[in-house]
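A.B. asks: Please see the structure below; I have some questions.
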Amino acid sequence: MKYNSVFDIIGPVMVGPSSSHTAGAARIGLAARNLFGKQPKWAKIHLYGSFAKTYQGHGTDFALAGGLLGFPTEDTRMSKALEIAKDEELHIEFIEDSAKTDHPNTVRLIIGDDEDSLEIVGISIGGGKVEITELNGFALRLSGNHPAILIMHNDRFGAIASVTKILAKHEINIGHMEVNRKDVGKEALMVIETDQNVEDDILLELKEADHIIQIAKIVS
């Protein structure tokens, strides 16, 4: 699976009616699409809390669909995204989930096609701002407010050092870094926020580092 930029950070221009329920939802949908690297053929969308109660009246449903279609928040096609999704044979199922979550504006997107699938959890924290809190079972916290790289790697000795050595060589300063793994020796996720965008040629070099599986980039 090819990974692309996770977020397209845009200013306050957006299609309403709600920054939290519409613009935020669109950004979460767009994050899922960009992580998937292509337009999915199907999506199962679990809505929690206030998202589940008001998603149709506040436009959360068409905003999530618009994001999955690749629409930025200000795209005038946003309000017609559900119809456009049908025309493009993107099947979307909305599920009102009663499970309790830490934030009322929480959504879980499970998307895929005939070959691949991906699962993320996102929350809309207000003003069109969002956080992605889970990716394929890995806990994380990403807002897209800072440049970052997400690196899926094997949990082996030297994996982290091989990445930081390359970043240091190119004078890329690390602002924040976290590593999460599901089990010892299995796949792990490295999340690195940087002070500047990481250029594609550096990403290519990182992909060749020891024990690296996949890389995604967040631009700011």
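A.B. asks: Yes or no: Thr22 closer than 28 Å to Ile149 by Cα, modelled with pLDDT under 95 and either hydroxyl-bearing (Ser, Thr, Tyr) or surrounded by fewer than 20 Cβ atoms within 10 Å (Cβ to Cβ) (or both)?
C.D. replies: Details: closer than 28 Å to Ile149 by Cα: yes; modelled with pLDDT under 95: yes; either hydroxyl-bearing (Ser, Thr, Tyr) or surrounded by fewer than 20 Cβ atoms within 10 Å (Cβ to Cβ) (or both): yes.
Answer is yes for this residue.
A.B. asks: Can you tell me which of (1) surrounded by fewer than 17 Cβ atoms within 10 Å (Cβ to Cβ); (2) out of contact with any Lys or Arg (no Cβ under 6 Å at 6 or more places or on another chain) is the one Leu109 doesn't meet?
C.D. replies: Exception for Leu109: condition (1).
A.B. asks: Would you check if Ala63 is modelled with pLDDT of 90 or more, assigned to a helix (DSSP H, G or I) and assigned by TED's automatic domain parsing to the domain that holds Lys100? Full working, then the answer.
C.D. replies: Numbers: modelled with pLDDT of 90 or more: yes; assigned to a helix (DSSP H, G or I): yes; assigned by TED's automatic domain parsing to the domain that holds Lys100: yes.
Yes, satisfied.
A.B. asks: Looking at Gln39, Gln56, which is the one that is in a loop (DSSP other than H, G, I, E, B) and modelled with pLDDT of 90 or more? Outline the logic, then answer.
C.D. replies: On the way: Gln56 fails: modelled with pLDDT of 90 or more.
That would be Gln39, the only listed residue that is in a loop (DSSP other than H, G, I, E, B) and modelled with pLDDT of 90 or more.
A.B. asks: Please identify the pairs in which a residue from the range 87-102 that is outside the structural domain of Asp113 (by TED's automatic domain parsing) and within 17 Å of Thr60 (Cα to Cα) has its Cβ atom under 7 Å from the Cβ atom of a residue that is surrounded by fewer than 12 Cβ atoms within 10 Å (Cβ to Cβ) and charged (D, E, K, R), counting only partners at least 6 apart or on another chain.
C.D. replies: Within 7 Å, no pair qualifies.
A.B. asks: Moving to a separate point now. So in the range 120-171, with the set limited to residues that are of a type outside the set (Asp, Glu) and touching a Gly at 6+ places or on another chain (Cβ under 6 Å), which one is surrounded by the fewest Cβ atoms within 10 Å (Cβ to Cβ)? Show your work before the answer.
C.D. replies: First, the residues of the range 120-171 that are of a type outside the set (Asp, Glu): 120-130, 132-133, 135-154, 156-170.
Checking which are touching a Gly at 6+ places or on another chain (Cβ under 6 Å) leaves us with 124, 128, 130, 132.
Working: Ser124: 29, Gly128: 21, Val130: 27, Ile132: 23.
For the range 120-171, the residue satisfying everything is Gly128.
A.B. asks: Residues of the range 66-81 being outside any loop (DSSP other than H, G, I, E, B), farther than 9 Å from Ala25 by Cβ and within 14 Å of the chain's Cα centre (by Cα), which ones? Outline the logic, then answer.
C.D. replies: Looking only at the range 66-81, we keep the residues that are outside any loop (DSSP other than H, G, I, E, B), and these are 66-68, 78-81.
Those left that are additionally farther than 9 Å from Ala25 by Cβ: 68, 78-81.
Scanning the range 66-81 gives a single hit, Leu68.
A.B. asks: Turning to a different aspect of this structure: Does the range 88-98 contain at least one residue that is within 18 Å of the chain's Cα centre (by Cα), closer than 29 Å to Ile215 by Cα and either surrounded by 20 or more Cβ atoms within 10 Å (Cβ to Cβ) or of a type in the set (D, E, K, R) (or both)? Quick ask: steps written out before the conclusion?
C.D. replies: Start the filter on the range 88-98 by keeping residues that are within 18 Å of the chain's Cα centre (by Cα), which leaves 92.
Among the residues that remain, those that are also closer than 29 Å to Ile215 by Cα are: 92.
Among the residues that remain, those that are also either surrounded by 20 or more Cβ atoms within 10 Å (Cβ to Cβ) or of a type in the set (D, E, K, R) (or both) are: 92.
Yes, the range 88-98 has at least one match.
A.B. asks: Taking the range 197-214, which residues are part of a loop (DSSP other than H, G, I, E, B) and at pLDDT 90 or above?
C.D. replies: First, pick out the residues of the range 197-214 that are part of a loop (DSSP other than H, G, I, E, B): 197-199, 208-211.
Correct list: Val198, Glu199, Glu208, Ala209, His211.
The values are calculated or read from the model by the stated rules, or taken from the named source; none is laboratory data. This one's a predicted model, so the numbers in the text were calculated from it and none came from an experiment. So basically every Cβ, Gly included, is an ideal-geometry build from the backbone, and we count neighbours across all protein chains shown.
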